Structure formats: structure tokens, C-alpha cells
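Notes to accompany the following structure.
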């Protein structure tokens, strides 16, 4: 039996959500590196649905855009 497809309330829709592995692939990182970043609090914003981890694609792009450096010691943003 399939579950009915419910629409979000107030016209809101979830952005595309990626699993941790898909997010790591999207960012060209290993899943282990992304996990370390998550534990250290220096990675992209993530969501937890129960024990599962998801990343919204716009959050991954925003995080990546903030990772800009002009030298090894000078972050641009």
C-alpha cells in the first residue's frame, strides 16, 4: 500500500534534500570528511530526520561559496 502524497502547509515546499553521501559527492568531499566537519561544527548546515542526515542543496552551495580564501591565512568572507 502506498502512502498518499501530502503537500506542505501554506504552500511551502522542501528544497531538494541530499543524503550525506550525495552531499559529499556534490561537494567533491569524502563522506568521512563531511562527517568530521559536521562533528566539528564547521561544515554546511544539515537536517536530521530521526537518525538520518540530510543536506538541502541551497545550504551546500551557500557553505561552499563562503569557503573562499586569498591565501592560506586570509579568508575572504
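Where strands (runs of 3 or more DSSP E) fall entirely within the stretch 12-68, those with at least 3 residues that are out of contact with any helix residue (DSSP H, G or I) (no Cβ under 7 Å at 6 or more places or on another chain) are at 47-49, 52-56. Cβ separations smaller than 8 Å between residues 6+ apart or across chains give the following pairs from the stretch 56-77 residues that are over 22 Å from residue 21 (Cβ atoms) to residues that are modelled with pLDDT of 80 or more and surrounded by 10 or more Cβ atoms within 10 Å (Cβ to Cβ): 75/69; 76/69; 77/66. Of the residues making up the stretch 1-21, those that are in contact with a strand residue (DSSP E or B) (Cβ under 8 Å, 6 or more places away or on another chain) and at pLDDT 95 or above are 17, 18, 19, 20. Within the stretch 28-39, is there a residue that is in contact (Cβ under 8 Å) with a residue 24 or more places away in the chain and surrounded by 11 or more Cβ atoms within 10 Å (Cβ to Cβ)? There is no residue in the stretch 28-39 that is in contact (Cβ under 8 Å) with a residue 24 or more places away in the chain and surrounded by 11 or more Cβ atoms within 10 Å (Cβ to Cβ).
The values are calculated or read from the model by the stated rules, or taken from the named source; none is laboratory data. Predicted model, so just to flag it, every value in this text is computed and none were measured. Neighbour counts run over all protein chains shown; Cβ positions are idealised from the backbone, glycine included.
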